[in-house]
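The values are calculated or read from the model by the stated rules, or taken from the named source; none is laboratory data. Keep in mind that this is a model prediction, so the values were computed, not measured. When we count neighbours, we look across all protein chains shown, and the Cβ atoms used for this are built from the backbone with ideal geometry, even at glycine. Side chains are part of the model used for accessible areas, which takes the heavy atoms of the whole protein and leaves out ligands, DNA and RNA. Shrake-Rupley method; radii C 1.70, N 1.55, O 1.52, S 1.80 Å.
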Amino acid sequence: MKRILITGGAGFIGSHLCERLLNDGHDVMCLDNFFTGSKDNIRHLIAHDHFELVRHDITKEYFAEVDQIYNLACPASPPHYQYNPIKTIKTSVIGMINMLGLAKRCKATILQASTSEVYGDPQVHPQIESYWGNVNPIGIRSCYDEGKRCAETLVMDYHRQNNVDTRIVRIFNTYGPNMDLYDGRVVSNCIVQALKGENITVYGDGLQTRSFCYVDDLVDGLVKMMENKQGFIGPVNLGNPSERTILNLAELIIKLTNSKSKISFLPLPQDDPTQRKPNIELAKKELDWTPKIEIEDGLMKTIEYFDKKLRGLI
Ligand code: NAD
Ligand code: UDP
């Protein structure tokens, strides 16, 4: 049994990771400031003997004795991270320094949840880890993109300078139950709109692409990366390489929900990446990891969850 700290543990991905690590028999400390996370996501875990919930903000120092740290704390949807951009970058940079300091003192392994956004609007397609990216440093997405890029730099410098045992994973668009219904991301927006019979909002012409990974597959990859003992520290892409246009995703959600909703086109937000698809050869080779869940199956599970949430059943 290991003592594991999950920052951002009450968020979408963090809550699934808490559950997975408890099921694996570990002692789980879930730390969150509840900016975008919710107690609802982890309520069923609170009575568990090996689960501990801590309200804390990682921009402030935190002391604990732990063996592993998964650093997931950071708002992830564009409306959420753009709500208070200065706070977003503080979370990525100051929060990262605090968590790396904690890892250094405890001799803990630390895994940083980085993002495909470090590639910006990529000119190399699909994105491979050796690509340095095409990021606007002064745009409305920069607080997130550049914050995460700086966090990766900090991870590598603590690794080289202080021998901290580190891991970097670059997560591509992930979806599933426990997503915030109103976080403004495309999957949550489309499902809520389809279930309510409202117009489905597609930004731009909808021909921009993303590749969507179901959360269980992603969590499996996170744990494999943390447990990897071969000296492989990343960065490694984790995502589902099945690429589709946003328009295609919206049509699929209309079909799966049997909705009468129509698509309405809205302006494309500034710096919205035109294409995104992970090259996952490195994850396959080093971690023996590939996503298994087909988009239709993953979306059906997500739709079921959203439907219950909207009807107040959970
Ligand atoms: P989320 O917003 O649901 O979860 C983030 C959690 O971090 C929330 O519970 C929030 O309250 C908490 N948090 C935010 N700032 C904090 C702070 N200063 N101190 C303590 N807690 C704080 O988002 P998510 O989708 O679960 O994303 C989790 C991580 O994965 C993030 O770091 C995100 O950047 C990364 N990621 C997610 C995706 C995705 O598609 N979901 C893609 C790439 C990267
Ligand atoms: N998007 C959309 N309609 C929405 C929300 C998002 O067309 O209601 C688009 C958005 O412009 C982007 C894509 O869907 O091109 C994915 O957006 P999301 O916010 O989910 O994630 P990210 O842009 O960070 O990949």
What spacing in nm lies between the two simple spin-label points modelled at Asp272 and Met300, each 7 Å away from Cα in the Cβ direction?
3.0 nm
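Ranking request for peptides 202-212, 3-13, 88-98: highest mean number of other beta-carbon atoms within 10 Å first, then the rest in descending order.
The packing order, highest mean first, is 3-13, 88-98, 202-212.
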Once the mean 1/r over all distinct Cα pairs of the chain is inverted, what Kirkwood radius in angstroms do you read off?
19.7 Å
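Kindly provide the GluC sites (Glu not before Pro) of the range 1-99 that DSSP labels as loop, not H, G, I, E or B, and whose Cβ sees at most 15 other Cβ atoms within 10 Å.
Those that pass, being in a loop and sparsely packed, are Glu61, Glu65.
Would you mind getting the accessible area per residue of the range 158-314, heavy atoms of the protein chains only, 1.4 Å probe, in Å²?
Here the per-residue accessible area is 45 Å².
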Which listed residue (Cys213, Val187, Ile200) has the Cα farthest towards the positive end of the charge dipole for the range 160-230, taking +1 on Lys and Arg C-beta and -1 on Asp and Glu C-beta about the Cα centre?
Cys213
Mind checking the per residue accessible area of the range 1-71 for me, 1.4 Å probe, whole number of Å²?
45 Å²
Taking a 1.4 Å probe, which of Val186, Val164 shows the most accessible area, and what order do the others take after it?
Val186, Val164
Roughly how many percent of the accessible protein surface of the range 39-193 is carbon and sulfur, given a 1.4 Å probe and a whole-percent answer?
53 percent
Between the residues Phe232, Leu247, Asn178, the Cα farthest towards the positive end of the dipole of the range 147-282, that dipole coming from +1 and -1 charges on the beta-carbon of Lys, Arg, Asp and Glu, is from Leu247
For the range 141-263, size of Cβ-based charge dipole, Lys and Arg +1, Asp and Glu -1, in debye:
200 debye
Note on the chain: helices (DSSP H) long enough, at least 30 Å by alpha carbon along their axis, and hydrophobic enough, mean Kyte-Doolittle at least -0.5, are 85-106
Distance in nm between label sites at His56 and Tyr182, each 7 Å beyond Cα in the beta-carbon direction?
3.0 nm
Unsatisfied cross-links (Cα-Cα over 25 Å) in the set Lys39/Lys107; Lys262/Lys301; Lys196/Lys301; Lys262/Lys308; Lys87/Lys309:
Lys39/Lys107; Lys87/Lys309
